[in-house]
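Beneath this line is the structure, given in structure tokens, with notes to follow.
The values are calculated or read from the model by the stated rules, or taken from the named source; none is laboratory data. Keep in mind the model is a prediction, meaning the values are calculated, not measured. Cβ atoms come from the backbone with ideal geometry, glycine included; neighbour counts cover every protein chain shown.
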Amino acid sequence: MRYLSILLLSCIGSAASAEPLYFRCDCNWWKALPEYQLQQVGNTQLYRTEIEIRNASFPINFKLVDKDFTPGTNYGYRSLSDKNIKLGRVFKAQPNAIEQHFEFKPPSPGTYQIFLDLDGETPLVFISKAI
């Protein structure tokens, strides 16, 4: 019974300490801006935000992370093959990235949706052009 109580308290503590995640990039000085906060999609473990890109002539380095770059909520690429994000493809992420920034070279100016899927064993990131 004591073990169950400790386990329940541990679960409650970790759920309560969940911090919002943000799209943080070199083009916004790596700030946690409210307009780039990821929002949960329905009752899933899928999170989304939108960014507007006016100048598509350079790549954007980014991470999906809380306001303090906390280990466990610091999502960057899992391996080098996951670094360069392409539209229409899914890329593996890891929650303890330090220098592993994703890179996205938008094909054209416009509004893009950035997704973080935490449903499976491996976090996934993908980007689509907003309709």
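Observations, loosely collected:
- Selection of region 1-49 for residues being at pLDDT below 95 and among the basic types (Lys, Arg) yields only Arg2.
- Take the conditions (1) among the polar types (S, T, N, Q); (2) more than 19 Å from Lys31 (Cβ to Cβ); (3) outside any strand (DSSP E or B); Ser128 misses just one of them, which is (3).
- Any pair with Cβ under 7 angstrom, 6 or more apart, that starts in region 18-30 at a residue that is part of a loop (DSSP other than H, G, I, E, B) and ends at one that is surrounded by 13 or more Cβ atoms within 10 Å (Cβ to Cβ) and hydroxyl-bearing (Ser, Thr, Tyr): Glu19/Thr70; Glu19/Thr73; Leu21/Tyr47; Leu21/Thr73
- Any hit, region 31-41, residues being free of Cβ contacts under 8 Å to residues at least 12 places away in the same chain, exposed (fewer than 14 other Cβ atoms within 10 Å of the Cβ) and over 19 Å from Glu19 (Cα atoms): no
- Note on region 87-131: residues that are in contact (Cβ under 8 Å) with a residue 40 or more places away in the chain and either of a type outside the set (S, T, N, Q) or over 14 Å from Gln45 (Cβ atoms) (or both) amount to 28.
- Failed criterion for Leu46 (all others in (1) surrounded by fewer than 16 Cβ atoms within 10 Å (Cβ to Cβ); (2) touching a residue at least 60 places away in the same chain (Cβ under 8 Å) hold): (1)
- Selection of region 49-85 for residues being surrounded by 12 or more Cβ atoms within 10 Å (Cβ to Cβ), assigned to a loop (DSSP other than H, G, I, E, B) and of a type outside the set (S, T, N, Q) yields Ala56, Pro59, Asp66, Lys67, Phe69, Arg78, Lys83.
- Counted residues, region 117-131 - those being within 11 Å of the chain's Cα centre (by Cα) and more than 13 Å from Ile85 (Cβ to Cβ): 3
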